[in-house]
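Asker: Have a look at the structure that comes next, please.
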Amino acid sequence: MMITSRTDAWRSLHAHAARMRQHRVVELFAQDARRAQDFAAEACGLYLDYSKQCVDAEVRSALFALAEACELSAWRRRLYAGERINGSEDRAALHMALRAPRDHAGFAAVADEVHAVRAAMARFADALRGGAYRGVSGARITDVVNIGIGGSDFGPRMVCAALAPQIDGPRAHFVANVDGAELHALLPTLDPARTLFIVTSKTFTTQETLANARRARAWLVAALGDSAVSRHFVAVSTNAEAARAFGIDSASTFGFWDWVGGRYSLWSAVGLAIMLALGPQRFEALCAGAHAMDRHFVEAPPQSNLPVLMGLLGVWNTNFFGCASQVVVPYAERLSLFGGWLQQLEMESNGKRVDRDGRAVDYATTPVLWGSVGTNAQHAYFQMLHQGPAVHAIDFILPQVADHPFDEMQRMLVANCLAQSAALMRGRSADDVRAELAAAGWSGEALERAIAHRVCPGNRPSNTVLLPRLDAYHLGALLALYEHRCFVQSVIWNINAFDQWGVELGKQLAQRIADPQQLAGLDASTRTLWSRIYPQG
Ligand code: F6P
């Protein structure tokens with residue numbers, strides 16, 4: 001495979017970037033009455049407006065040419081066909097199979113096992129939600145606690161928060177951190193007789209998860225005795241043997257497969273907490289939305305393909321337009337955990353310094369991704385987005401209709417979201433500031449001194465993604481949109497989005513530091529810090 005940055009398409013985009021730096025997006029709107037329509041696309045109920053990006057039709061065509069040079073269509077086919085595109089682990093990445101309906105033509109090799117596990121999850125969910133599955137003392141289960149971290153936590157935690165008003169089953173709680181504060185705060189709020197723990201770990205070797213699970217088991221045993229464990233603990237894992245060693249037998253273990261990457265796993269049994277809290281039907285709706293987006297991604301031409309457009313715009317902003325980071329701001333309180341999920345998805349997938357062939361890349365890969373919900377974010381870091389020296393790319397995500405009755409507040413929320421993207425694009429010129437201040441009675445030196453502080457450069461790029469509402473179907477489509485955007489970018493950067501070797505080093509050292517024998521072999525700083533905290537070793 002050719003080095004991406006040596007392709008003509010890549011070089012031509014640098015020339016376009018030099019050209020675009022002479023333009024302002026507001027001018028592009030002035031020249032093109034149809035820009036708002038022509039730089040927008042719609043699929044699965046989601047509407048993407050990218051007209052506030054600093055791109056014109058020529059840049060867009062050049063980005064499509066780059067996608068072609070990087071063989072995006074072929075990679076997409078390989079992903080869909082279940083080829084082992086995760087080269088460093090020799091695995092496929094078949095998360096699309098997890099959300100395809102039973103009668104879908106693709107994914108034949110894995111469809112039976114996927115749907116067998118899904119059916120087992122649904123049977124369990126129906127039994128628990130309906131009261132047929134009870135605790136060891138005969139009490140109904142009112143609370144489920146998912147113990148897992150990373151991909152075994154972010155997805156189900158975020159979905160349960162996003163769809164919280166629709167929860168009609170047990171309350172769902174999530175414990176991830178090996179900081180015992182999280183579990184310690186939760187346990188006193190629970191009744192052991194009414195609590196089910198789900199130990200969710202692909203490998204069932206993750207230190208944090210096992211530490212939390214052992215503590216939770218001790219708490220349960222202290223209250224209900226050893227015999228309660230099999231009734232109050234289930235596992236979600238690819239490693240049924242390790243789950244059994246922990247005390248959870250295979251009948252209570254919901255399996256998945258090595259071709260499900262942790263950060264792409266909420267659609268698998270990792271989503272059990274979602275299904276228990278929201279019911280099998282809403283889980284199906286979540287999958288249906290994601291599947292609709294999968295089909296759109298696989299079938300739609302680049303011009304109207306949301307993940308392709310967003311992926312290429314991300315590459316443009318990162319590699320050509322000079323953006324310092326990618327900010328994601330959902331204008332929806334219930335999407336407050338979306339950024340955390342997305343950080344793992346994008347930065348664990350594409351935070352790589354070598355390409356698929358192991359060659360060091362000479363271009364930026366994933367940008368720092370961050371953000372939080374609007375309007376709160378406006379009162380935190382938006383000052384920097386408007387007037388800081390660096391330009392950041394922003395995604396605004398906005399459900400159009402609220403699921404609360406406070407209509408006037410929803411209108412205000414919408415107005416704020418649209419105002420921010422407009423303000424970031426338009427900015428405020430020195431002439432405008434001068435005119436405003438003069439109209440307010442300012443004059444002379446005081447007026448001139450005030451101007452520079454009030455100027456906003458504008459031309460700061462953003463996407464706006466509208467969802468009709470925050471329901472399971474459209475949430476599923478939104479999550480799949482971002483999964484595929486991430487994949488598109490990995491193809492352009494020619495990196496393997498499905499391994500995460502960088503995480504391993506820290507994990508290994510954490511084990512070594514806690515072992516006095518091995519600590520001696522580490523650096524002086526680390527040894528000194530440890531012995532300040534644990535003078536006795
Ligand atoms: O953070 C690294 C990682 O391997 C993630 O990819 C994964 O989601 C997480 O740890 C948890 O792993 P497991 O599900 O095996 O406990």
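Asker: Tally the residues that are within 16 Å of the chain's Cα centre (by Cα) and either modelled with pLDDT under 95 or of a type in the set (V, I, T) (or both), restricting the search to region 477-514.
Answerer: 1
Asker: Specify which of the listed residues (A193, A235) is in a strand (DSSP E or B), of a type in the set (G, A, S) and either surrounded by fewer than 18 Cβ atoms within 10 Å (Cβ to Cβ) or at pLDDT 95 or above (or both).
Answerer: The unique qualifying residue is A235.
Asker: Then there's this: If a residue counts only when it is without any contact (Cβ under 8 Å) to a residue 60 or more places away in the chain and hydrophobic (A, V, I, L, M, F, W, C), which helices (runs of 4 or more DSSP H) contained entirely in region 422-537 have at least 2 such residues?
Answerer: Counting at least 2 such residues, we get 430-439, 444-454, 502-513, 524-533.
Asker: Every residue in region 356-372 that is away from the ligand (no atom under 16 Å from the Cβ), of a type outside the set (S, T, N, Q) and surrounded by 20 or more Cβ atoms within 10 Å (Cβ to Cβ), please.
Answerer: Correct list: P367, G371.
Asker: Within region 206-252, track down each residue that is polar (S, T, N, Q) and over 24 Å from L509 (Cα atoms).
Answerer: S227, S230, S237, T238, S250, S252
Asker: For region 135-164, which positions are within 16 Å of the ligand (Cβ to nearest atom) and either farther than 19 Å from R263 by Cα or surrounded by fewer than 23 Cβ atoms within 10 Å (Cβ to Cβ) (or both)?
Answerer: Initially, region 135-164 is screened for residues within 16 Å of the ligand (Cβ to nearest atom), giving 145-159.
Result: V145, I149, G150.
For every residue, the table says whether it meets (1) farther than 20 Å from S268 by Cβ; (2) touching a Lys or Arg at 6+ places or on another chain (Cβ under 8 Å); (3) not in a strand (DSSP E or B).
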position: M158; (1), (2), (3): no, no, yes
position: D179; (1), (2), (3): yes, no, yes
position: N212; (1), (2), (3): yes, no, yes
position: R215; (1), (2), (3): yes, no, yes
position: V229; (1), (2), (3): yes, yes, yes
position: A245; (1), (2), (3): yes, no, yes
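Asker: Among the residues in region 29-48, are any assigned to a loop (DSSP other than H, G, I, E, B) and buried (at least 20 other Cβ atoms within 10 Å of the Cβ)?
Answerer: yes
Asker: Further question on the same structure: Looking at region 109-121, is at least one residue under 25 Å from S227 (Cβ atoms), of a type in the set (A, V, I, L, M, F, W, C) and either modelled with pLDDT under 95 or within 16 Å of the ligand (Cβ to nearest atom) (or both)?
Answerer: no
Asker: Which is farther than 29 Å from Q207 by Cβ, without any contact (Cβ under 8 Å) to a residue 12 or more places away in the chain and part of a loop (DSSP other than H, G, I, E, B), of A132, A119?
Answerer: After applying the criteria, what remains is A132.
Asker: Being more than 19 Å from L278 (Cβ to Cβ) and more than 13 Å from the ligand (Cβ to nearest atom) narrows it down to one of D168, D179, so name that one.
Answerer: Just a single option satisfies the conditions, and that option is D179.
Asker: Where the second residue is part of a helix (DSSP H, G or I) and among the acidic types (D, E) and the first is on the phi < 0 side of the Ramachandran plot and lies in region 270-289, which pairs have Cβ atoms under 7 Å and are six or more apart or on separate chains?
Answerer: Taking only residues 6 or more apart or on different chains, the pairs are P280/D126.
Asker: Now for a separate question. Quick check on G106: is it over 21 Å from S252 (Cβ atoms), assigned to a helix (DSSP H, G or I) and small (G, A, S)? Show your work before the answer.
Answerer: Details: over 21 Å from S252 (Cβ atoms): yes; assigned to a helix (DSSP H, G or I): no; small (G, A, S): yes.
Judged against the criteria, G106 is not a match.
Asker: Please determine whether any residue of region 213-221 is within 25 Å of the chain's Cα centre (by Cα), within 16 Å of the ligand (Cβ to nearest atom) and among the charged types (D, E, K, R).
Answerer: no
Asker: Could you tell me whether region 90-102 includes any residue that is closer than 26 Å to A277 by Cβ, in a loop (DSSP other than H, G, I, E, B) and either modelled with pLDDT under 95 or over 25 Å from the mean Cα position of the chain (by Cα) (or both)?
Answerer: yes
Asker: Can you find a residue that is in a helix (DSSP H, G or I), within 16 Å of the ligand (Cβ to nearest atom) and of a type outside the set (D, E, K, R) anywhere in region 198-206? Break it down into steps so the answer makes sense when it comes.
Answerer: Here is the first cut: in region 198-206, the residues in a helix (DSSP H, G or I) are none.
No, every residue in region 198-206 fails to be in a helix (DSSP H, G or I), within 16 Å of the ligand (Cβ to nearest atom) and of a type outside the set (D, E, K, R).
Asker: Anything in region 257-311 that is outside any helix (DSSP H, G or I) and more than 16 Å from the ligand (Cβ to nearest atom)? List them, or say none.
Answerer: Taking region 257-311 and keeping what is outside any helix (DSSP H, G or I), we get 257-261, 265-268, 279, 300-301, 305.
Once the filter is applied, which keeps residues that are outside any helix (DSSP H, G or I) and more than 16 Å from the ligand (Cβ to nearest atom), region 257-311 yields G279, A300, P301, N305.
The values are calculated or read from the model by the stated rules, or taken from the named source; none is laboratory data. This one's a predicted model, so the numbers in the text were calculated from it and none came from an experiment. Neighbour counts run over all protein chains shown; Cβ positions are idealised from the backbone, glycine included.
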